[in-house]
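Structure, as structure tokens:
Read-outs throughout are calculated quantities, based only on the coordinates presented, and are distinct from any laboratory measurement. Note that the structure is a prediction, hence the values are computed from the model and not measured.
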Amino acid sequence: MKKMSSRTRVLTGAVAVAAVGAATFGAVSATAAAPAASGKAAPASVSVAANGKDTRQVDRLTTAAATKAAQAALNAANRAGQHVTVAVVDRDGNTVVTLRGDGAGPQSYESAERKAYTAVSWNAPTSELSKRLQQTPQLKDIPGTLFLAGAVPVTAKSGPVAAVGVAGAPSGDQDEQFAQAGAATLGH
């Protein structure tokens with residue numbers, strides 16, 4: 001029997017792997033599409049009654065509104081001659097938009113996001129939350145938080161929907177003033 005070349009063996013192996021893969025994909029696809037044993041197809045989704053018992057509607061800040069707030073905070077900082085980063089997070093603490101101003105320090109990016117996350121998590125300005133550390137110092141150990149002044153929550157119907165966080169000014173009080181300027185644009 002004649003020995004196959006390396007090239008032929010590689011090509012033959014690749015064809016075999018592709019054939020096995022196609023057969024497996026076809027079997028999985030056929031199984032997923034097969035009707036239930038009773039002869040009735042399974043529903044595509046299950047619907048719950050929207051009676052407020054099993055569901056909850058939540059307000060969320062739009063990307064456009066988050067960008068407007070971030071830009072307003074950055075503009076306030078620029079007018080004051082400060083180089084900052086502004087982050088806006090949603091009600092779950094996920095970053096919606098971050099604007100890093102010209103000349104902002106590298107640490108300001110993460111700090112702005114963490115401040116905003118902290119403010120929305122407790123629905124309070126971080127300047128107030130930093131005071132709570134005196135009574136409960138272990139709060140600082142919660143992952144993702146930063147208990148420094150510089151962020152304010154944004155509320156709708158008495159609940160947090162977002163937060164604006166700012167970092168990079170010489171003081172947290174200045175950061176928080178800029179964050180407040182950004183949040184204030186959302187009330188109009």
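From the cross-link list LYS53/LYS157; LYS68/LYS157; LYS68/LYS131, which pairs have alpha carbons spaced over 24 Å apart?
Details: LYS53/LYS157 19 Å; LYS68/LYS157 20 Å; LYS68/LYS131 29 Å.
LYS68/LYS131, as the Cα separations exceed 24 Å there.
Can you tell me the alpha carbon radius of gyration of the stretch 63-187 divided by the globular rule-of-thumb value 2.2 N^0.38 Å?
On the way: Rg = 12.8 Å, N = 125, 2.2 N^0.38 = 13.8 Å.
So the stretch 63-187 has a normalised radius of gyration of 0.93.
On a straight-distance basis, which aspartates and glutamates could pair with LYS140 in a cross-link, Cα separation under 18 angstrom, same-chain partners fewer than 8 positions away excluded?
Partners within reach: GLU110, GLU113, GLU128.
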